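Undergrad: My questions will all concern the structure given below.
The values are calculated or read from the model by the stated rules, or taken from the named source; none is laboratory data. As the structure is a computational prediction, the values presented were derived from the model and not from experiment. For neighbour counting, all protein chains shown are included, and Cβ atoms are generated from backbone atoms with ideal geometry for every residue, glycine included.
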């Protein structure tokens, strides 16, 4: 006879996972704001800039911003990663999926 499935436990596990993913996303966005120097902007200025970006319909501008962002991440990778870990084939520096936030020594 099959063991009955505990749907409540499965649902709780999924909710915990979703909460963890949301927390990681918020932390990564915060790290991105600091890494780009946008933490010097007020919350209103940053929100306004993000709203303009989200409403942007011009594909050419979005593509230019995407290239600039990719170059930013590629240059950060080169400064941080040891030579053996660098992407030497010239492929895009953007990750193919969600990546864990970098851990800091002593961080909990």
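Undergrad: Answer with yes or no whether residue 16 is part of a helix (DSSP H, G or I), at pLDDT 90 or above, in contact with a helix residue (DSSP H, G or I) (Cβ under 8 Å, 6 or more places away or on another chain) and surrounded by 10 or more Cβ atoms within 10 Å (Cβ to Cβ).
TA: Against the criterion (part of a helix (DSSP H, G or I), at pLDDT 90 or above, in contact with a helix residue (DSSP H, G or I) (Cβ under 8 Å, 6 or more places away or on another chain) and surrounded by 10 or more Cβ atoms within 10 Å (Cβ to Cβ)), residue 16 does not qualify.
Undergrad: Could you grab the pairs with beta carbons closer than 9 Å, sequence gap of 6+ or different chains, first residue in the range 9-30 and under 25 Å from residue 42 (Cβ atoms), second one part of a helix (DSSP H, G or I)?
TA: Note: pairs meeting the criteria are 30/39.
Undergrad: Right, another one. Regarding residue 39, is this residue modelled with pLDDT of 90 or more and touching a helix residue (DSSP H, G or I) at 6+ places or on another chain (Cβ under 7 Å)?
TA: In short, yes.
Undergrad: Is it true that residue 75 is closer than 26 Å to residue 24 by Cα and modelled with pLDDT under 55?
TA: Considered against the rule, which asks whether it is closer than 26 Å to residue 24 by Cα and modelled with pLDDT under 55, residue 75 comes out as no.
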